Amino acid sequence: MPSVFDWLFKRKAPSASPSPLAVYDAAVSALDRQTVELRKAAATLLALRSGLLRSVDGAKRRRDQLEVRRADALAAEDLKSQQILDADVSRAAAQEEADRQALARCEADAQLLLERAQQLSRELDELRRERDEARVKLAAGAAVTGPLAAHGDAIERALKLDAARDEVERAHALAEVVREDVKGT
């Protein structure tokens, strides 16, 4: 009869490792989510860009109007109005410059996000192709290992060989990740 201690300290069976296709699916899903987020952020910045363009145009028109009024005050020799309008023109010019800088940063950031989204889209396409190839290889492997079920030693050797191949593929994948990180820095 099992004791209470057996029940309390019963070890869980090790969980089966996820199927290779599930790992691919998770990676595809993660890349897809990242791509969608980057595109949404870029769309937000592009929408902000149109508002900033209007703001730059408005600030320029305001500065131009103030400069005309300042020229009129200068022609009328109205020093008090001229001093006030000088300050107004300076503030309008500063606002126009700030809006131009914000617009330039917005455009640069949107472009960067769009380029990264395109890069991730290419990686996503490649990963999907790789997943399809893995699915075909797994199906072919299952077709081959089915008849070999009666031959335990042959199956064990095939599994060890597959594990070795997987290890080589992982090493190549790790090298590619490192290569990408080095390129990115």
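The values are calculated or read from the model by the stated rules, or taken from the named source; none is laboratory data. Since the structure is predicted, the reported quantities are computational estimates derived from the model, not experimental observations. With ideal geometry, Cβ positions are generated from the backbone for all residues, glycine too; neighbour counts draw on all protein chains shown. When the accessible area is computed, the model is the full protein with side chains, heavy atoms only, and any ligands, DNA or RNA have been set aside. Shrake-Rupley method; radii C 1.70, N 1.55, O 1.52, S 1.80 Å.
For this structure, a couple of remarks:
- Residue 125 - accessible surface, heavy atoms, 1.4 Å probe, Å² rounded to 10: 70 Å²
- FRET E, pair residue 121, residue 83, Förster distance 45 Å, beta-carbon r, rounded to 0.05: 0.20
- Here r is the Cβ-Cβ distance between residue 104 and residue 40 and R0 is 25 Å; the resulting FRET efficiency, rounded to 0.05, is 0.70.
- With a 1.4 Å probe rolled over the protein heavy atoms of all chains, the accessible area of 35, 44 falls in the order 44, 35, largest first.
- FRET efficiency, residue 21 to residue 47 (Cβ-Cβ, R0 35 Å, nearest 0.05): 0.35
- Extension gain from residue 157 to residue 61, taking 0.36 nm per residue of separation minus the Cα-Cα distance: 26.6 nm
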